[in-house]
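Trainee: Structure in structure tokens, see below.
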Amino acid sequence: MACSSEHLQGILDTLPAKPGCYIMKDCNNHVIYVGKAINLRSRVRSYFHTSAEHDYKTRQLVRNITDIEWIVVGSELEALILEMNLIKKHRPRYNIRLKDDKRYPYIKVHWADAFPKVTVTRQMVKDGSRYYGPYTSVWAVHQTLDVLRRIFPYLTCDREITGKDARPCLYYDIKLCSGPCIGAVDQQTYRQMIDDLCRFLEGRTAPIVERLQREMETAAGKLQFEKAATLRDQIHAIGKVVERQKVLSDEQKDSDVIAMARSDGEACVQVFFIRGGKLIGREYFILEGTEEEADSEVVAEFIKQFYAEAAIVPPEVLLPNDIEEAQIIKQWLNTRRSGEKVELVVPHNGTSQELVQMATDNAIETLQALRSQWQQDTNRQSEALAELQKALELPEPPNRIECYDISNTQGTAAVGSMVVFEQGVPSKKYYRRFNIQTVTGPDDFASMEETLTRRFRRWQAAQEDQSPGKKIDLAFSILPDLLIVDGGKGPLGRAVLVLERFNLIGQIAVMGLAKQEEELFLPNRKDALLLPRNSQGLYLLQRIRDEAHRFAITAHRNRRGREGLASRLDVIPGIGPVRRRALLKHFGSIEAIRDADTEDLTEVRGITEEIAQALKTQLE
């Protein structure tokens, strides 16, 4: 047995022969792989057998392991669930994982409310609501809700529903709300409509249409022609949607059909949602870390990660091939259906096999379209970086670009933002915020200088301390090719001063970007540089600057909200302990100070019109 260190050898010697999960880490203490095993000792030690014929990916993994932790559990099912949770938490580099690290959107029906609303959320919680999804596109979710709302005009406002409001909102007038606020619909009727909406999302349209047909005929028989016309329109709207739902099977089955396409290390999984024999929807998902992994392993990992998040698990899942962990995954899926049986089926003929083939064809087409789109995006990014290289006279394209912005309110709760773009796309894991500490008042130039000083001080510390096992923050330890500061010559001058202080002049290109005319200011250059309005390079600079601005404003608002009204009073320029006490003595409370006008504020001794204005701006 070969091992990279005595530390690892000691771990391998003490591994228990019990079921559990193992967590492998690199020299920066980052989790790079999570696995599970019935026997931890034999499984983990197998990675280090010199005779083992590992693929390239596993050899790379083993070379990067410097530490291993393990967690013992009571059963293989517990190990499966723990492994899924750990992969979701750490997103290890060498594990197969869903590409997006954000949460997917769901349609949420607030069923526990007396008059349920319908909203979009990215998190399922056990609050009595009904959830549908996940979807891969927020746009697609809102398109679905637009259709639903025309058929089932559900509530969207936050009014307390008593049925006694004098006037409804505009949505009632344009037939996008049924008007429970004014009593136009009672609670029982409204909840029946929302239950119909839920059944519609589940593909159960036939019972809805049959009941609405009966209600329409009854209303017509009672000469309630307006109500009958509304029901008729609702039935027609449902019919139009149902027409687009392709009937795929005469069997009234509920199934998910899973298929996959692979190309150059990318894997695209397509899921068809079959309800009552009809195709009611489909979604695709991209997986990372699939290089050199068998198809069966990729499909198994997708099933675990997808159904850990899915709102609904059907009784049947059709697969393109057998998977090794089928029995334990079925056991876990049964728990997701509250003990009801789930079948994992690999069809070899008939309608089910045709469905898998259809999903496979769609996965192939989707992956080809995505790869074409990615290539176009890459070409645009390469063009943008090449234009910046030429315009700024750089030796190489600026592959890492950092942009900085300052946000404050009258100099209070000031925050500096740092955003990082690599290869022309945002690397949000490297975004950082700086709460300004040394600057008093609204001095953006000084705040920019403090922000950059702290950033490059962190870089300097990383260069000086490279001891083994030291955790390195890659946001600071790597220098940018291009540094952008928001604003004109003033912020640029401060940026140059900081770079001189750290002996980085010549190592980092620096520029200021002014928003009004999109002017580029460069050191030792009198006139601003203007890029063509249709320049990809200018578009990229605008995206980067806007992202820095957004990030700074968000951080500033969060900081201001945390500080609260009382602490905000302390940090307003010109307000010290004496004036603060005078204000509170005169007005009696923070709320009264906030509600006072400027003239009333200046009646307090020591409060000038300028300070009063700063008070109003901050407290409001």
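Since every read-out is calculated from the coordinates, none of them should be taken as a lab result. From a predicted model like this one, the values you see are computed outputs, not experimental measurements. We place every Cβ from the backbone using ideal geometry, glycine too, and count neighbours over all the protein chains shown.
Trainee: Over segment 284-432, how many percent of alpha carbon pairs lie in each 10 Å bin up to the one with the longest distance?
Mentor: Going from the shortest bin to the longest, the percentages are 9, 23, 23, 17, 16, 10, 2, 0.
Trainee: Work from the charge dipole of segment 6-95 (Cβ charges, +1 for Lys and Arg, -1 for Asp and Glu, about the Cα centre) and give the residue of LEU12, ALA37, LEU82 farthest towards its positive end.
Mentor: Checking the options against the dipole of segment 6-95, the answer is LEU82.
Trainee: Ok, one more. Using the beta-carbon distance between ARG122 and ARG605 and R0 = 51 Å, what value does 1/(1 + (r/R0)^6) give for FRET efficiency, to the nearest 0.05?
Mentor: 0.50
Trainee: By the gyration tensor of its Cα atoms, with a ≥ b ≥ c the square roots of the eigenvalues, what is the shape of segment 121-203: rounded for a/c under 1.5, prolate for a/b over b/c, or oblate?
Mentor: Note, shape of segment 121-203 comes out prolate.
Trainee: Working out 0.36 nm times the residue gap between ASP322 and GLN252, then minus their Cα-Cα distance, what length gain in nm do you get to one decimal?
Mentor: 22.7 nm
Trainee: A further question follows. Grab every C-alpha pair in segment 193-311, bin the distances at 5 angstrom width from 0 up to the longest one, and report whole percents.
Mentor: With 5 Å bins starting at 0, P(r) equals 2, 10, 16, 15, 13, 11, 9, 8, 5, 4, 3, 2, 1, 0.
Trainee: Quick one, what does Rg over Rh come out to for the chain if you take C-alpha atoms and the Kirkwood Rh?
Mentor: Values: Rg = 30.5 Å, Rh = 29.7 Å.
My calculation puts Rg/Rh at 1.03.
Trainee: Per 0.36 nm of contour for each residue apart, how much would the distance between ARG458 and GLU69 grow if the chain were fully extended, relative to their Cα-Cα spacing? The partial results should precede the final answer.
Mentor: Values: separation 389, 0.36 × 389 = 140.04 nm, distance 2.99 nm.
137.1 nm is the gain from fully extending ARG458 to GLU69.
Trainee: Still on this structure, please answer the following. All other residues with a Cβ under 10 Å from the Cβ of ARG455 taken together, and with Lys, Arg as +1 and Asp, Glu as -1, what is their net charge?
Mentor: Value of the local net charge: +2.
Trainee: May I pose another question? Take the Cα atoms of segment 572-619, build their convex hull, and give its volume per residue in Å³.
Mentor: It comes to 61 Å³ per residue, whole-number rounded.
Trainee: Next question. Taking θ = phi - 60°, what integer Hz values does the Karplus form 6.51 cos²θ - 1.76 cosθ + 1.60 yield along segment 319-328, in sequence order, with x for Gly and Pro?
Mentor: Using θ = phi - 60°, the values come out as 10, x, 7, 5, 10, 5, 9, 4, 5, 6 Hz.
Trainee: Based on Cα coordinates alone, diagonalise the gyration tensor for segment 1-50, multiply each eigenvalue by 5, take square roots, and list the semi-axes in whole Å, largest first.
Mentor: On the way: eigenvalues 55, 43, 17 Å².
After diagonalising the Cα gyration tensor, the semi-axes are 17, 15, 9 Å.
Trainee: Between segment 157-191 and segment 423-449, what's the alpha-carbon centroid distance in Å?
Mentor: Their Cα centres are 47 Å away from one another.
Trainee: First check a/c for segment 400-559, with a ≥ b ≥ c the square roots of the eigenvalues of its C-alpha gyration tensor; if it is under 1.5, answer rounded, and if not, answer prolate when a/b is larger than b/c or oblate otherwise. Kindly include the intermediate steps, with their values, before the conclusion.
Mentor: Values: a/c = 1.43, a/b = 1.20, b/c = 1.18.
Note, shape of segment 400-559 comes out rounded.
Trainee: Go ahead and run the numbers for FRET between ARG41 and LEU497, Cβ-Cβ distance against an R0 of 56 Å, rounding to 0.05.
Mentor: After rounding, the FRET efficiency stands at 0.45.
Trainee: A follow-up question, please. Can you give the FRET efficiency for ASP173 and GLU393, using 1/(1 + (r/R0)^6), R0 = 41 Å, r = Cβ-Cβ distance, to the nearest 0.05?
Mentor: 0.10
Trainee: List, in order, the whole-Hz ³J(HN,Hα) value for each residue of segment 11-23 obtained from phi through the Karplus relation with A = 6.51, B = -1.76, C = 1.60 and θ = phi - 60°; use x for Gly and Pro.
Mentor: After applying 6.51 cos²θ - 1.76 cosθ + 1.60, I find 5, 4, 6, 10, 5, x, 8, 10, x, x, 10, 10, 10 Hz.
Trainee: So how far apart, in nm, are the two label points at GLU517 and ARG581 if each is 7 Å from Cα heading toward Cβ?
Mentor: Between GLU517 and ARG581, the label points sit 5.3 nm apart.
Trainee: Roughly how many debye, to the nearest 20, is the charge dipole of the chain about its Cα centre, given +1 on each Lys and Arg Cβ, -1 on each Asp and Glu Cβ, and no other charges?
Mentor: Values: 85 positive and 88 negative charges, 256 e Å.
Here the size comes out at about 1240 debye.
Trainee: A further question follows. Checking the table LYS25/LYS57; LYS36/LYS88; LYS227/LYS278; LYS278/LYS304; LYS57/LYS99 against a 20 Å threshold on Cα-Cα, which pairs fail?
Mentor: Those over the limit are LYS227/LYS278; LYS278/LYS304.
Trainee: Once you place label points 7 Å from the Cα toward the Cβ at ASP264 and ARG337, how far apart are they in nm?
Mentor: A separation of 4.0 nm, rounded to one decimal place.
Trainee: Give me the dipole magnitude in Debye, nearest 20, for segment 106-202 about the Cα centre, with unit charges on the beta carbon: positive for Lys and Arg, negative for Asp and Glu.
Mentor: 140 debye
Trainee: Over segment 258-364, what lengths in whole Å, largest first, do the semi-axes of the equivalent ellipsoid take, defined as the square roots of 5 times the eigenvalues of the alpha-carbon gyration tensor?
Mentor: Computed over segment 258-364, the values are 20, 17, 13 Å.
Trainee: For segment 382-493, what does the convex hull of the Cα positions come to per residue, in cubic angstrom?
Mentor: Hull volume normalised by residue count: 130 Å³.
Trainee: Next question. Going by average Cβ density within 10 Å per residue, which order do the peptides 300-307, 71-78 take, highest to lowest? Please report the intermediate quantities before stating the final value.
Mentor: Details: 300-307: 21.8, 71-78: 14.5.
In decreasing order of mean packing, 300-307, 71-78 become 300-307, 71-78.
Trainee: Sticking with this one: Which ordering of LYS390, LYS227 is given by a fewest-first count of other beta-carbon atoms within 10 Å?
Mentor: In increasing order of surrounding Cβ atoms, one gets LYS390, LYS227.
Trainee: With the contact rule set at Cα under 8 Å and sequence spacing of 6 or more, what percent relative contact order holds for the chain?
Mentor: For the chain, the relative contact order is 9 percent.
Trainee: Order by neighbour count: PHE502, PHE225, PHE434, fewest other Cβ atoms within 10 Å first, most last.
Mentor: The fewest-first ordering by Cβ neighbours comes to PHE225, PHE502, PHE434.
Trainee: Further question on the same structure: Using θ = phi - 60° and the Karplus relation 6.51 cos²θ - 1.76 cosθ + 1.60, list the HN-Hα couplings for segment 206-218 in order, rounded to whole Hz, with x at every Gly or Pro.
Mentor: 4, x, 5, 4, 4, 5, 5, 4, 5, 5, 5, 5, 5
Trainee: Compute log10 of I(q)/I(0) for segment 6-95 with the Debye formula, placing one identical point scatterer on every Cα and leaving out solvent, at q = 0.11 Å⁻¹, to two decimals.
Mentor: Log10 I(q)/I(0), no solvent term: -0.28.
Trainee: Could you check the simple spin-label distance between ASP55 and THR378, using points 7 Å along Cα→Cβ, in nm with one decimal?
Mentor: 2.1 nm
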